[in-house]
Amino acid sequence: RSLVVSLFFKAFLAISRKLCDAGIMPKDSLSQKDRSGADTFHTPVLRSAQLLQRVSSEQNTCDPIGRPKIHSSALKQATGEAIYTDDIPRMDGEAYLSLVLSTKARAKINKLDASKALALPGVHAFFSHKDLTKHENEVGPVFHDEHVFADEEVHCVGQVVGAIVADNKALAQRAARLVQVEYEELSPVIVSIEQAIEHKSYFPDSPRYITKGNVEEAFAVADHVYEGSCRMGGQEHFYLETHAAVAIPRDSDELELFCSTQHPSEIQKLVSHVTGLPSHRVVCRAKRLGGGFGGKESRGILTALPVALAAYRLRRPVRCMLDRDEDMVITGTRHPFLFKYKVGFTKEGLITACDIECYTNAGWSMDLSFSVLDRAMLHFENCYRIPNVRVGGWICKTNLASNTAFRGFGGPQGMFAGEHIIRNVARIVRCDVVDVMRRNFYKEGDITHYSQKLDRFPIERCLQDCLEQSRYEEKRTQIAQFNSENRWRKRGIALVPTKYGIAFGVMHLNQGGALINIYADGSVLLSHGGVEIGQGLNIKMIQCAARALGIPIELIHISETSTDKVPNTSPTAASVGSDLNGMAVLDACQKLNNRLAPNKELLPNGTWKEWVNKAYFDRVSLSATGFYAIPGIGYHPETNPNARTYSYYTNGVGVSVVEIDCLTGDHQVLSTDIVMDIGSSINPAIDIGQIEGAF
């Protein structure tokens with residue numbers, strides 16, 4: 001109703017303005033402040049600039065490190081020639097799988113009848129929990145608290161109840177709609193964090209606490225104590241390529257999978273669990289993904305496991321690619337959070353204590369929620385030193401699709417709470433928010449609430465560079481003037497600093513592997529444990545190998561990520577893909593360089609091809625594996641107190657100017673400036689693309 005009145009008033013302003021301009025109404029009948037209320041937003045012409053660190057002139061011109069090299073498959077992607085999972089040509093005898101999904105948020109399954117579907121010509125099979133033992137049906141990335149097919153009860157809308165296999169997609173989807181499922185609804189149905197708190201619906205091990213100093217003593221002597229709360233909702237991943245899998249039986253006891261996943265090793269492990277085949281008979285391959293953002297780290301099992309089971313049981317290739325609506329209803333989102341905090345601070349705005357409770361909506365299964373909550377608890381203070389801290393964390397169990405990893409993995413939610421707190425402190429002490437930020441910033445050598453010392457912490461420099469680059473003060477003055485001259489349109493400017501810890505929260509995942517094969521013609525085939533999701537990981541790995549071997553990047557090729565080349569890989573996630581795999585590539589290159597060294601001494605003026613050829617004729621191995629594990633991490637207060645939680649941090653500062661239409665709520669981002677400190681960039685073009693993409 002409010003919007004309708006606003007739009008009517010907007011029309012009145014637009015007509016009045018036209019009449020004034022035409023001289024039909026007196027010029028002063030519409031005030032200058034009201035005139036802009038008639039305007040609507042139009043997409044402006046985009047202007048952007050990328051500034052990056054220049055490679056020093058002393059560096060070898062053939063050395064590709066630090067240079068803006070093009071993404072390995074950029075041209076193929078731009079022309080549409082790049083092959084994704086579902087672009088693999090159909091095979092002889094291939095069938096299509098369609099999922100039967102729950103339509104109730106919490107219910108008992110009283111009847112599951114696929115007879116009508118199976119009666120259709122061209123429908124080959126229906127799979128449900130009855131086709132698996134209880135043990136085989138129980139799966140999950142860490143805790144096996146999910147099911148391949150719902151067993152007796154459904155816990156959310158979109159849970160997989162069964163799967164139909166038919167000749168083609170249209171027939172499989174039609175047959176899936178004919179499967180009859182009778183439910184007996186159960187209560188309570190819990191959807192929100194508040195409902196979970198009311199019903200005490202938490203996963204085991206909630207709450208968990210991290211403490212530093214004494215918050216109660218600090219509150220007692222603080223000039224101000226403020227209590228507040230803030231929340232952050234979920235977010236859909238919306239990768240361009242939905243979840244997809246193709247499974248092909250090889251011989252009677254081998255299975256090959258092409259899967260759109262960030263974690264091929266996990267797909268391999270769980271397919272092995274469901275089919276009963278050992279892992280060495282299951283190969284999972286991923287050439288490239290059409291985006292992932294964390295949504296394909298653990299949720300790939302929802303399509304891959306039914307497809308693998310069907311292919312194994314029916315002895316024929318089976319394919320499935322979700323439609324967008326299926327993908328959105330089946331897979332979870334970013335974790336919604338609710339924060340309740342109490343903060344103590346001085347009259348100058350220096351924070352002395354914070355007691356904060358973090359509640360996250362995990363959905364119906366654990367998935368990776370425990371790690372997401374951990375990261376939020378470790379990032380809530382963002383860039384600000386708080387001497388006395390108590391952080392509590394609760395994982396709420398609700399009847400939603402299981403929420404999962406999503407770019408930042410709990411970090412952005414935690415930092416959002418910190419930024420909320422710093423703005424409330426600035427408002428209460430009546431100080432400029434940037435001054436309060438600076439007063440509270442960590443300094444080099446400070447120790448976080450999880451006992452990590454900050455060796456290098458360039459946040460002050462990032463802030464200063466960003467203030468200058470964005471002309472912050474000048475824009476603030478312009479905004480104040482604009483707001484005083486316009487009644488129905490307002491502008492605002494915001495500045496946000498960030499601190500993000502680099503490492504997996506789970507210790508054993510901080511490892512990477514690589515395999516390098518050099519062929520007799522001098523060409524190099526490189527395999528590593530990371531997956532090319534579109535982020536440009538492959539070109540970075542090629543650059544690392546090119547520098548280490550001293551050859552042009554054109555001689556190196558990466559075909560795909562496959563579990564039969566590099567085993568037991570970690571997911572490509574947590575911003576450590578190039579760290580782990582790049583170091584593993586260097587390790588393999590070092591071994592090959594050592595083997596080629598005698599030939600280089602013997603033929604100092606020889607070419608790469610001559611050295612390789614000589615090594616081949618001398619029966620020297622031209623294949624090497626590489627491995628890397630991040631050293632010095634794995635902090636635990638009792639068992640490993642001297643280690644770090646994170647390998648290092650990346651810092652950044654962003655400034656945005658936004659205009660809103662107060663009548664309709666419509667808005668437009670007018671300008672954004674971002675300064676990121678990412679150390680020495682391997683490939684500035686790729687890294688800037690990642691920063692812009694994230695923004």
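Considering only C-alpha atoms, what is the centroid distance from region 131-180 to region 18-84, in Å?
44 Å
Compute, for region 511-629, the length of the dipole vector about the Cα centre, with Cβ point charges of +1 (Lys, Arg) and -1 (Asp, Glu) only. Units Debye, rounded to 20.
On the way: 9 positive and 10 negative charges, 52 e Å.
Value, rounded to 20: 240 debye.
Could you sort TYR183, TYR359 by their accessible area in this structure, using a 1.4 Å probe and putting the largest first? Mind showing how you got there, number by number?
Working: TYR183 50, TYR359 15 Å².
My answer, sorted largest first, is TYR183, TYR359.
For region 392-493, what % of the accessible area comes from carbon and sulfur atoms, probe 1.4 Å? Could the numbers behind the result be given before it?
On the way: 2190 of 4590 Å².
Reported share for carbon and sulfur atoms: 48 percent.
Could you tell me what % of all Cα pairs in region 511-629 have separations over 18 Å? Mind showing how you got there, number by number?
On the way: 3264 of 7021 pairs.
Everything past 18 Å amounts to 46 percent.
Assign unit charges at the C-beta atoms only (+1 for Lys and Arg, -1 for Asp and Glu), then state the dipole size of the chain relative to its Cα centre in Debye, rounded to the nearest 20. Could the numbers behind the result be given before it?
On the way: 76 positive and 79 negative charges, 193 e Å.
In total the dipole reaches around 920 debye.
Add -39500 (n - 2.57) for each DSSP H run of 4 or more in the chain, then divide by its residues: what number comes out at 222 nm, to the nearest 500 deg cm²/dmol? Before the final figure, lay out each step's value.
Details: 20 runs with 218 residues, N = 695.
Taken over the chain, the calculation gives -9500 deg cm²/dmol.
Leaving out same-chain residues fewer than 8 places away, which aspartates and glutamates sit with a Cα under 20 Å from that of LYS347?
GLU216, GLU217, ASP223, GLU227, ASP355, GLU381, GLU419, ASP432, ASP435
Over region 511-629, with every protein chain in place, what whole percent of the accessible area is carbon and sulfur at 1.4 Å, could you tell me? Don't skip to the answer; put the middle values down first.
Details: 2710 of 5030 Å².
So the carbon and sulfur contribution to the accessible surface is 54 percent.
What is the antiparallel percent of DSSP beta bridges lying wholly in region 511-629, to the nearest 5? Each step should come with its number before you reach the end.
Values: 12 of 15 bridges.
Antiparallel bridges make up about 80 percent of those DSSP assigns within region 511-629.
Which whole-Hz couplings ³J(HN,Hα) result when phi for each residue of region 301-306 is put into the Karplus expression 6.51 cos²θ - 1.76 cosθ + 1.60, θ = phi - 60°, listed in order with x for Gly and Pro?
Values, residue by residue: 5, 5, 9, 5, 5, x Hz.
How high is the relative contact order of the chain, in percent, counting Cα pairs under 8 Å that sit 6 or more residues apart?
Numbers: 1471 pairs, mean separation 107.6, N = 695.
For the chain, the relative contact order is 15 percent.
Could you work out how much longer the chain between LEU7 and ASP618 gets when fully extended? Use 0.36 nm per residue separation minus the Cα distance between them, nm to one decimal.
Working: separation 611, 0.36 × 611 = 219.96 nm, distance 8.19 nm.
Separation in residues times 0.36 nm, less the Cα-Cα distance, equals 211.8 nm.
Could you compute how much accessible surface LYS397 exposes when probed at 1.4 Å, giving the result in Å² to the nearest 10?
Counting only protein heavy atoms, LYS397 exposes about 90 Å² to solvent.
Compare the peptides 463-470, 342-349, 112-119, 7-14 by average per-residue count of other Cβ atoms within 10 angstrom and give them in order, highest first. Kindly include the intermediate steps, with their values, before the conclusion.
Details: 463-470: 17.5, 342-349: 19.5, 112-119: 15.9, 7-14: 14.2.
So the order, starting with the most tightly packed, is 342-349, 463-470, 112-119, 7-14.
Can you give the accessible area of LYS111, probe radius 1.4 Å, in Å² rounded to 10?
Estimated to the nearest 10 Å², LYS111 gives 80 Å².
Kindly list the residues of region 557-591 that lie in the label zone of ILE70, defined by a backbone N under 17 Å from the point 7 Å along the Cα-to-C-beta vector.
557-558, by backbone N distance to the label point.
Please report the antiparallel percentage of the DSSP beta bridges confined to the chain, to the nearest 5.
Details: 95 of 115 bridges.
Antiparallel bridges make up about 85 percent of those DSSP assigns within the chain.
Trypsin sites (Lys or Arg not before Pro) within region 12-87: which are DSSP loop residues with at most 11 other Cβ atoms inside 10 Å? Walk me through the numbers before you get to the answer.
Working: sites: ARG17, LYS18, LYS27, LYS33, ARG35, ARG47, ARG54, LYS69, LYS76; in loops: ARG47, ARG54, LYS69.
When the trypsin sites (Lys or Arg not before Pro) of region 12-87 are filtered for loop state and at most 11 Cβ neighbours within 10 Å, ARG47, ARG54 remain.
How big is the Cα convex hull of region 1-127 in projection, averaged over all directions, in nm²?
Values: hull surface 92.6 nm².
Value for region 1-127: 23.1 nm².
So what is the diffusion coefficient of region 20-67 in µm² per second by Stokes-Einstein at 37 °C and 0.692 mPa s, using a Kirkwood Rh over Cα pairs?
Numbers: Rh = 16.8 Å.
In µm²/s, the coefficient rounds to 195.
Would you mind getting the accessible area per residue of region 511-629, heavy atoms of the protein chains only, 1.4 Å probe, in Å²?
Working: 5030 Å² over 119 residues.
Ligands and nucleic acids excluded, the figure is 42 Å² per residue.
So how do SER402, SER578 rank on accessible area, 1.4 Å probe, biggest first, that is with the largest at the start? Intermediate results must be reported in sequence, preceding the final value.
Values: SER402 5, SER578 30 Å².
Accessible-area ranking of SER402, SER578, largest first: SER578, SER402.
Taking the simple approach of a point 7 Å from Cα along Cα-to-Cβ for both ARG423 and TYR519, what is their distance in nm?
Placing both labels 7 Å along Cα→Cβ, they lie 5.7 nm apart.
Residue farthest toward the positive end of the dipole of the chain, with Cβ of Lys/Arg at +1 and Asp/Glu at -1: which of ALA95, PRO64, SER621?
Checking the options against the dipole of the chain, the answer is PRO64.
Give the accessible surface of region 412-495 per residue, rounded to a whole number of Å², with probe radius 1.4 Å and ligands, DNA and RNA excluded.
Details: 4250 Å² over 84 residues.
That works out to 51 Å² per residue.
Tell me which of THR43, PRO641, GLY536 sits at the most positive position along the dipole axis of the chain, charges placed on C-beta atoms (Lys, Arg +1; Asp, Glu -1).
Toward the positive end, the furthest listed residue is THR43.
Note down the nm distance, to one decimal, between modelled labels 7 Å out along Cα→Cβ at THR61 and at ASN214.
About 6.8 nm, to one decimal.
Can you give me the distance in nm between label points at GLU236 and LYS111, each placed 7 Å from the Cα along the Cα-to-Cβ direction?
Each label point lies 7 Å from its Cα, and together they span 3.4 nm.
How large is ³J(HN,Hα) for each residue in region 487-502, as worked out from phi by the Karplus curve 6.51 cos²θ - 1.76 cosθ + 1.60 (θ = phi - 60°), to whole Hz, x for Gly and Pro?
So the Karplus estimates, Gly and Pro as x, are 7, 9, 10, 10, 10, x, 10, 9, 10, 10, x, 9, 9, 10, x, 9 Hz.
Output wanted: per-residue J couplings in Hz (rounded whole) for region 453-459, from phi through Karplus 6.51 cos²θ - 1.76 cosθ + 1.60, θ = phi - 60°, x for Gly and Pro.
For region 453-459, the Karplus curve yields 7, 8, 6, 10, 8, x, 5 Hz.
Among the listed pairs LYS76/LYS609; LYS76/LYS600; LYS499/LYS591; LYS296/LYS342; LYS296/LYS591; LYS108/LYS397, give every one whose C-alpha distance is greater than 26 Å.
Values: LYS76/LYS609 28 Å; LYS76/LYS600 37 Å; LYS499/LYS591 36 Å; LYS296/LYS342 36 Å; LYS296/LYS591 34 Å; LYS108/LYS397 18 Å.
Flagged as over cut-off: LYS76/LYS609; LYS76/LYS600; LYS499/LYS591; LYS296/LYS342; LYS296/LYS591.
Solvent-accessible area per residue for region 1-160 at a 1.4 Å probe radius, Å²?
Numbers: 10160 Å² over 160 residues.
That works out to 64 Å² per residue.
Charges at C-beta only: +1 for Lys and Arg, -1 for Asp and Glu. How large is the resulting dipole of region 426-473 about its Cα centre, in Debye rounded to 20? Can you show the working numbers first?
Numbers: 9 positive and 9 negative charges, 38 e Å.
Charge dipole of region 426-473: 180 debye, to the nearest 20.
How compact is the chain by the rule of thumb for globular proteins, expressed as Cα Rg over 2.2 N^0.38 Å? Please list the in-between numbers first.
Details: Rg = 28.6 Å, N = 695, 2.2 N^0.38 = 26.4 Å.
Ratio of Rg to 2.2 N^0.38 Å for the chain: 1.08.
Sort TYR384, TYR226 by heavy-atom solvent-accessible area, probe 1.4 angstrom, most to least.
On the way: TYR384 5, TYR226 65 Å².
Result, largest first: TYR226, TYR384.
The values are calculated or read from the model by the stated rules, or taken from the named source; none is laboratory data. These numbers come from a predicted model, not from an experiment. Neighbour counts run over all protein chains shown; Cβ positions are idealised from the backbone, glycine included. Accessible surface is based on the protein model in full, side chains and every heavy atom, while ligands, DNA and RNA are left aside. Shrake-Rupley method; radii C 1.70, N 1.55, O 1.52, S 1.80 Å.
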